[in-house]
Amino acid sequence: MAATRDELFRVVRRFADAWKSDDLREELAGSLSCTEVAALTDLLRAGGEPEQARQWELAHAEADVTAGEECQFEG
Ligand SMILES: [Zn+2]
């Protein structure tokens, strides 16, 4: 059975709260793909953390060294 809207919102809030760590961002932002960062930042925005989402995008764009591939968050 799928979560109710209230449960879903609570889970998203909890996720956003857990992932807004500066240390976590610095450690992981460059290891995630653009697609993964997009999914993560969608969740953070849904959880009411738009500034954290932006920080993840910036940190990822800075650290994304995928050879020959354009990072979708650059520019
Ligand atoms: Zn990227």
*Normalised by the residues of the chain, what does the relative contact order come to in percent, with Cα pairs under 8 Å and at least six apart?*
32 percent
_Helix-only mean residue ellipticity at 222 nm, the chain, DSSP H runs n ≥ 4 weighted -39,500 (n - 2.57), per residue, nearest 500. What is it?_
-20000 deg cm²/dmol
*Give, as ranges by residue number, the residues of segment 13-43 whose backbone N falls under 20 Å from the point 7 Å along Cα→Cβ of Glu7.*
13-17
*asked:* To test your reading of the geometry: what angle, between 0 and 90 degrees and rounded to tens, separates the Cα axis of helix 5-18 from the longest principal axis of the chain?
replied: 40 degrees
*Contour minus end-to-end for Arg54 and Ser33, with contour as 0.36 nm per residue of separation and end-to-end as the Cα-Cα distance?*
6.0 nm
*Whole-Hz couplings from phi, Karplus 6.51/-1.76/1.60, listed for segment 40-55; x for Gly and Pro*: 5, 6, 4, 5, 4, 5, 4, x, x, 10, x, 5, 5, 4, 4, 4
*Starting from the Cα of Ala63, step 7 Å along the direction of its Cβ; do the same at Asp23; then give the gap between the two resulting points in nm.*
1.4 nm
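Excluding Leu32 itself, what net charge comes from residues whose Cβ is under 12 Å from its Cβ, given Lys and Arg +1 and Asp and Glu -1?
Here the count lands on -3.
Each reported figure results from applying straightforward, stated rules to the coordinates on display, with no laboratory input. Everything numeric here is computed off the predicted structure, so don't read it as measured data. Ideal geometry is used to build each Cβ from the backbone, glycine not excepted, and the neighbour counts take in all protein chains shown.
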